[in-house]
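Have a look at the structure below, then the notes.
The values are calculated or read from the model by the stated rules, or taken from the named source; none is laboratory data. None of the values given here were measured: they were computed from a predicted structure. Quick reminder, even Gly has a Cβ in these numbers, built from the backbone with ideal geometry, and neighbours come from all protein chains shown.
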Amino acid sequence: MLMKRDLAIIGAGPAGMAAAALAAELGLSVTVLDEQPRAGGQIYRDVDRASPARGTILGADYTDGRRLTEELRRSGVDHITSAVVWAIEDAFRISYTREGRGAQVEADRVLLATGALERPMPIPGWTLPGVMTAGAGQILLKQSGVAARGSVLVGAGPLLYLIAAQMVRAGTPPAAMIETQTLGDMIRALRHVGGALRGWPYMAKGLKMLAEIKRAKVPRYTGATQIAVEGEGKAEAVTFTHNGRKQRIPCETVFLHHGVVPNTQAARSLGVSHIWDAPQAAFAPVLDAWGESDAAGVFIAGDGAGIGGAKAAEYAGQLAALKIAAETNRLSTQDRDRKAAPLRRALAGELAVRPFLDAAYPPFDAALTPADSTVICRCEEVTAGDIRSYAKLGCLGPNQTKAFGRAGMGPCQGRYCGLTVTALLADANGQSADETGYYRIRPPLKPVTLSELAAMDETTQDAAE
């Protein structure tokens, strides 16, 4: 018989680590299921193994993650690494695979701290070898200390500047930055200048990164349109229009980025309600002020609840832990609220700058609703034109596209094409994103083999004996 925990946490990024440490301190039994081999999530990936030189390249915000990984270790929680969660069923029996074997854990409550996904940027040529997301480029730098020489960064948003500055510090500055935000976007963002001023530390970091990029003499092209990657069998150049003139930059590596979006797959599989977040052009779960969803016992914290960054994720994870502790009688309501007050103030400070950033660096329009010939579902090689043709035949939502042409049925289960499919159908049918909806997510959330399932059965039998 499986041992039941008070709380299971999916993900060991800032939200998961902070929640686990506080929940354990308050007396809850906690298991953390972490897909990575070491704690840290994407933002603090491999932080405990980073050398001083790599820490200098990646910056103080990165090395600050060691504080959270140390707190997690000291907490004594059951931290299961390299665990790929593929199903979360009623009463929170969580199935996962690890080292070729299936296993399960049960919990009274579950906290999803699954973070964000990098928004796909489907432009012509984005499926060529040598083209990857900017986040993937950062993983190479964090995990292996590798930075591609002569690469070109394409898109918009603060993460693009962070990665460019890190590449400069590593001695491999990008050959160019092709940015899609416009002067008009920045002017529209000024209505949120009050929040930007309240979030002045964040803005100051951004200005410092821009100064680093400028000192390195990295060419920047803002307001770029008609962006495409050229190549025969691999990336060979990026073409685009800037100030009315066609440009071409030869390169073998292209990093694409135009924002991150909440990873909602696990939440959707549990029936959590979602709503379209127009400023971030993505769906986000419907939650209360503690991160509790409308699905009983399901909490969500961090970027999976809405994009806010590492510090915001940490505070949100702790707020969720306080609510769970109070619900399980480990903490009085009065103590819960007293401990929550400074966390709420800190969280509000972290989120104050978000409306300004969302307006100043919107997603690239041409990648939200790509040209007909552009592949948008890489798993099943479905194009934007295919989706539009399905709409003409009466397809109203993403689930129907599975029947029309298998979009969303590949290994990623719609993680990377889902928002694009929603946007294309909404535009073609004259509907809102909420009316159009999203894929219905069912287990398995990640691929699982028959041998792993068989090994899980053997493990269960051994435990019973």
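A few remarks follow.
- Among (1) buried (at least 24 other Cβ atoms within 10 Å of the Cβ); (2) within 18 Å of Ala313 (Cα to Cα) - the single one Val30 does not satisfy: (2)
- Taking first residues from segment 1-26 that are in contact (Cβ under 8 Å) with a residue 60 or more places away in the chain and partners that are of a type in the set (Asp, Glu) and assigned to a helix (DSSP H, G or I), the Cβ contacts under 6 Å between residues at least 6 apart in sequence or on separate chains come to Pro14/Glu314; Ala18/Glu314.
- Test: Glu106 is out of contact with any Asp or Glu (no Cβ under 9 Å at 6 or more places or on another chain), touching a residue at least 40 places away in the same chain (Cβ under 8 Å), surrounded by fewer than 16 Cβ atoms within 10 Å (Cβ to Cβ) and more than 30 Å from Val353 (Cβ to Cβ): no
- Some residue of segment 78-99 being closer than 30 Å to Gly171 by Cβ, modelled with pLDDT of 95 or more and either buried (at least 18 other Cβ atoms within 10 Å of the Cβ) or assigned by TED's automatic domain parsing to the domain that holds Val146 (or both): no
- Within segment 21-108, helices (runs of 4 or more DSSP H) holding 2 or more residues that are under 26 Å from Val298 (Cβ atoms): 65-75
- Ala228 meets all of the listed conditions (1) hydrophobic (A, V, I, L, M, F, W, C); (2) within 25 Å of the chain's Cα centre (by Cα); (3) closer than 28 Å to Leu58 by Cβ but one, namely (3).
- Which listed residue is more than 25 Å from Thr56 (Cβ to Cβ) and without any contact (Cβ under 8 Å) to a residue 24 or more places away in the chain, from Leu197, Leu128: Leu197
- Meets criteria (over 27 Å from Cys412 (Cβ atoms), aliphatic (A, V, I, L, M), surrounded by 22 or more Cβ atoms within 10 Å (Cβ to Cβ) and not assigned by TED's automatic domain parsing to the domain that holds Gln42) for Ala165: yes
- Scanning segment 319-346 for residues that are assigned to a helix (DSSP H, G or I) and among the hydroxyl-bearing types (Ser, Thr, Tyr) yields a count of 1.
- Residue that is surrounded by the fewest Cβ atoms within 10 Å (Cβ to Cβ), among those in segment 33-54 that are under 26 Å from Pro262 (Cβ atoms) and small (Gly, Ala, Ser): Gly40
- Of the criteria (1) modelled with pLDDT under 95; (2) touching a Pro at 6+ places or on another chain (Cβ under 9 Å), which one Phe255 fails: (1)
- Pairs, first assigned by TED's automatic domain parsing to the domain that holds Gln265 in segment 301-327, second of a type in the set (Val, Ile, Thr) and in a helix (DSSP H, G or I), C-beta under 6 Å, six or more apart: Ala326/Thr333
- Gly206 closer than 29 Å to Gln143 by Cα and either in a loop (DSSP other than H, G, I, E, B) or hydroxyl-bearing (Ser, Thr, Tyr) (or both): no
- Number of the condition not met by Thr241 [criteria: (1) polar (S, T, N, Q); (2) buried (at least 20 other Cβ atoms within 10 Å of the Cβ); (3) touching a strand residue (DSSP E or B) at 6+ places or on another chain (Cβ under 7 Å)]: (2)
- On the stretch given as segment 320-341, residues that are surrounded by fewer than 23 Cβ atoms within 10 Å (Cβ to Cβ) and either in contact with a strand residue (DSSP E or B) (Cβ under 8 Å, 6 or more places away or on another chain) or not small (Gly, Ala, Ser) (or both) total 13.
- The set of residues in segment 91-109 being among the acidic types (Asp, Glu) and within 25 Å of the chain's Cα centre (by Cα) consists of Glu99 alone.
- Scope segment 403-435; condition under 18 Å from the mean Cα position of the chain (by Cα) and surrounded by fewer than 18 Cβ atoms within 10 Å (Cβ to Cβ); matching residues: Pro411
- Contact map, segment 394-406: residues that are farther than 16 Å from Thr383 by Cβ paired with residues that are buried (at least 16 other Cβ atoms within 10 Å of the Cβ) and of a type in the set (Gly, Ala, Ser), Cβ distance under 9 Å, separation 6+ or inter-chain. Pairs shown: Leu396/Gly437; Gly397/Gly437; Asn399/Gly408; Asn399/Gly437.
- Of the residues making up segment 209-245, those that are of a type outside the set (A, V, I, L, M) and in a strand (DSSP E or B) are Arg220, Tyr221, Thr225, Gln226, Glu230, Thr239, Phe240, Thr241, His242, Arg245.
- Among the residues of segment 109-127, the one identified as part of a strand (DSSP E or B) and touching a Lys or Arg at 6+ places or on another chain (Cβ under 7 Å) is Leu117.
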